[in-house]
Each structure stands twice: as C-alpha cells, then as structure tokens.
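The values are calculated or read from the model by the stated rules, or taken from the named source; none is laboratory data. Quick caveat, the model's predicted, so the values are computed rather than measured. Don't worry about glycine lacking a Cβ; one is built from the backbone with ideal geometry, like all the others, and counts go over all protein chains shown. Protein only, heavy atoms only, side chains kept; ligands, DNA and RNA dropped before computing areas. Shrake-Rupley method; radii C 1.70, N 1.55, O 1.52, S 1.80 Å.
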Amino acid sequence: MRGNRYDQISGKIGSQIYGVSHDVDAEALQYPTANGLGSWARWLLTRGIEARGIHPVQYDERTDTQFKKIFFIWFSMNFNILSFSAGTLGPVVFGLGLRDTCLTILFFNLLCCIPPAYFTTWGPKLGMRQMIISRYSFGYYGVIIPCIFNLIGMTGFSVLNSILGGQALSSVANGSLSWSVGIVIIDVIALLVSFCGYKILNWYEHLAWIPVMISFVVALGVGGKHLSNPPPAEPATARAILSFASSLAGFVITYSPLSSDFTTYYHPKVSSWRLFIYSYLGFLLPIVTLQCLGAAVAVAAPLVSDWESGYAGGNVGGLLDAMLHPVKGFGKFLTVLLSLSVAGNLAATFYSFSLNIQVFIPPLVVVPRYVFSILATAIVIPLAIVGATRFYDALTDFLGLIGYWASAFSAIILVEHLFFRKNDPSNYNVKEWNDPRRLPSGIAAVAAGVASVALIVPSMDQVWFVGPFAKTSGDIGFEVAFALSAILYIPFRALEIRLRKHL
C-alpha cells in the first residue's frame, strides 16, 4: 500500500530547511525516475524546493516552532486589493450605505473567520493537508467532489486577483501596458513563489504585507479628507444586507478547504488556542479593515471627479491610482506595490491548488507538487484575460455561489471531528490516509451535502435566480447549507458506522 511505503521511507531526518526537518533522500524516493523526472526533482530538492505533495508529514518531521508564521500567511493573503474590492460591493452592487456596509462586514466576518481559523489547528496534530483530512469524512473517492469545487473556487479567486493586479499595473502605465500583460506579470511572480514551496512561501508572506500597508496608509492620508462626510443613504433592507453577507461569507469561509495545508510542518505540541488566535486575527484584521476602506472609497468616488473617472467600468486599480495621484510619481510606484499585493494570495492559492490536484487525481501523487503550480498558472492566465472586462459581474456572481458548498463542507468535517472523532487526533489513523477500504465510504457526507441542496436553492438570491425564500429574506443559502448539512450528516454517518462497524 502506498501509505505504508511512505511511512517506511519518511522516518529519516536530514538537513534543516527553515526550521523544518527535511530529508532530501526520503522525499526524493516519493517521486520515481519515470519520464526523466527523478534526477531533475532531486536537484531541485537539494536547492530547498519543496516537492512533498499530499503525503502526510510524520510526527518526528513536524519540527517547525515559528508558529506566528501562520498569522502572516493569512494576513498577507488578505491584505490586498481584492479585499478592498469586496468591500465596494456593499454600496455599489447592493445599494447599502457606509454604516450598514461596515456593520455587515464586521459582524459577518467575526463569524465566518472561525471555521478556517479552527481548521488550521488540525495540521500540527495530524500532519495532513486539509483535503486529506477530509477523506476521513468524505472517503477516498467521495472527497473528489468537494475537491473539484475547491479547485474551481481557487481558480476563481486567482482569476479575480489576477484581473485586479493587471488593472492596477495598466493604470500606472496610463494604458500603454495592457491588462493582459499585467495579468501575466502578476501570475508569473506568484508562480515563482509557489513553485519553491513552504520555505520561500512563508518568507514571502512574512514580508509582502509591508509595502501594501505603506501604500494604503499613503492613499488614506492623501484621500482621507473625502471620506469624512459620506452622503446619506436609503434605509437598508434585510434582503440587501443578507445578500451582501452571503458574498462576504463566500470570501472568507472558502479558506476552510485549504486551512491546514500551511500548518502540517508545525510541532504537534503547539497550543491549539494559540494557533487559532494567530489564524483568526490573520483573517479578521486585514479583511475587515480593507473591506471597510473599500466601502468608504466607493461611497465617496462619485463625489470626487478624479476618483470617478479612474473607477469607470469598475476599474479598482484605476480608482487606487486616482487616489494616489496627488503624490505624483511616488503614487505610481505605490500603485505598482498595490498591484503586486495580490501575488501573496495567488502564490499561496497556487500552492494549495497543486495539492488538490493530487487529491482529485490520486495517481498523480507520485508527481512533485511544484509541477502543478505551473499547471495552475497556465489555467488562470487565459481565464483572467478573458474575464477582465466583466470584473464586477464575475466577483458578485462568484462570491455569491462559492460560499454555499464551502459552508456545507465545513459543517460536515466539523461534525465528523467534534461529534464522531471526539476532537481527538488519535481517532484518525494516519496510516489509512490512502486506503479506500479503511476510510469512510463517503456516502454519508456526499448524501448530506446533496440533500441540503433542496433547501439551499430556494434560499438563493442571485442575479440569474431568486428562490422563493430569498425573495423576502435575502440570500440565506450559506446559513442553510451549514445548518442542514450538519443536521443530516449525523444520522447518515451514524448509520454508515453501524453498517461498516468502524469509523
């Protein structure tokens, strides 16, 4: 069995790479020399490039004690112009005033940041990537279904980030640089970081937020005077608030399927509370801050002629460039830094994308992880170029839909972990990670998710469809998905355990 083979070869501990015990020979054995890949992979390993994909990290290999790094992973991933643009949806798309937009952003993010932050605590205890842990609910084959949704979600977010980065670079060049070229530049930078793996990714995310912070502070300093007196707004409706909240949920709860991907090398003795707080703040602080700033700027844009012209057609990069215009050439430089802010999100997303490909097509587990970072880039670039002219339509539709499946997914693996496995890592037999016969069948999890669709659809409020419940309540699809999936999974999984006579 492949899992046992890995267990035999991965016990060797070798050179230290960024605080992580890492044996080049052991890791190289995972990737046979078929198709001439072995010698090239071994050379990259000697240069510190991480090849490990979804194979579990053994207990004695989990040696990283720099736990604060997870804060910077999530902080840098979210401290960018996509978070800023998500905040603009409140006033621009849903017609909310600044006060109602900011309150919705605060309270729903306080709630929705909990699941992905909690799931990061599982990595050090189990040494498994998030989608591999999900096999203990969805089964070896059943997990392919959420994996497909996750791949679609990561691709969608990468496309949105690429478009924003390309827009911002093009704005700096006054149109002489096309959006398409800007998209390619941003994605290639992200590829280089993702290709290198855990060591370089953590180093990059630890620093990437600093120039972005400077850029936003300067933008606020030169444009803040326009934000002090927002125009009066129409009274908010419950439907508008809940529909906007659904988009916010889609923004953050979709980190749940990749949470533990970045913590599998951490020492198992780390306090779960400590890791949770690092992660929770890493999500909450940048998302709430930049979404509220984006909302404030969007409300003020029609009152400032330069901002309004820069924002034409939903060009968020042009809006930021207009805000920084008073500082002349330095403003152009800062806009370039803002355009590069999305690379932090893209790099980490490409990293998780490469892992999910191996879950989606299990035989590819023998291929080094970084190969699929190249694949992710090749997929995202053309999609971003094609979708660049419809950014706001794509953002609204995508965020509204993506939260439904992630909410159901989060509920199911939470119930499995807390109710059936008693929040006890010892109830996960890591040796079974790659054995379809010993893992759950996945029928219970898939059935719970599919059955919940019966109430999710009537609760949806999208441009192309409004369900009968949503016509009066607004979009409550992600709330329904979470609650109903959790409720249905308990009897379904209990029956499965009774029939199979093991977890």
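Subtracting the Cα-Cα distance of Trp273 and Val217 from 0.36 nm times their residue separation leaves 17.0 nm of extension gain.
How far is helix 238-252 tilted off the main Cα axis of the chain, in degrees rounded to 10, range 0 to 90? Once rounded, the angle reads 50 degrees. With θ taken as phi - 60° and the Karplus curve 6.51 cos²θ - 1.76 cosθ + 1.60 applied, the whole-hertz 3J(HN,Hα) list for region 200-215 is 6, 4, 5, 4, 5, 5, 5, 10, 4, 6, 5, x, 5, 4, 4, 5 Hz, x standing for glycine and proline. Using θ = phi - 60° in the Karplus curve 6.51 cos²θ - 1.76 cosθ + 1.60, the 3J(HN,Hα) couplings for region 299-314 round to 5, 7, 3, x, 8, 10, 4, 5, 5, 4, 5, x, 8, 3, x, x Hz; x is entered for Gly and Pro.
Gain on full extension, evaluated as 0.36 nm per residue between Gln66 and Phe465 minus their Cα-Cα distance, stands at 139.0 nm.
Between Ser39 and Ile443, the simple spin-label model (points 7 angstrom out along Cα→Cβ) gives 5.1 nm. Counting 0.36 nm for each residue step from Phe333 to Thr237 and taking away their Cα separation leaves a gain of 30.5 nm. The simple Förster model, with R0 at 35 Å and r as the Cβ-Cβ distance, assigns Thr472 and Leu227 a FRET efficiency of 0.55.
Per-residue SASA remark: His325, around 100 Å² accessible (1.4 Å probe; ligands, DNA and RNA not included).
A simple spin-label model places pseudo-atoms 7 Å from Cα toward Cβ; at Ser178 and Arg500 they are separated by 5.1 nm. The charge dipole of region 319-440, taken about the Cα centre with unit charges on the Cβ atoms of Lys, Arg (+1) and Asp, Glu (-1), comes to about 240 debye, rounded to the nearest 20. Taking 26 Å as the straight-line reach from the Cα of Lys501, the lysines in range (excluding those fewer than 8 positions away in the same chain) are Lys125, Lys422, Lys431. Report summary: the helix-based calculation at 222 nm, which adds -39500 (n - 2.57) for every DSSP H run with n ≥ 4 and divides by the residues of the chain, gives -21000 deg cm²/dmol.
Rounded to the nearest whole Hz, the Karplus-based 3J(HN,Hα) values (6.51 cos²θ - 1.76 cosθ + 1.60, θ = phi - 60°) of region 351-357 follow the sequence 4, 5, 4, 5, 6, 5, 4, with x at glycine and proline.
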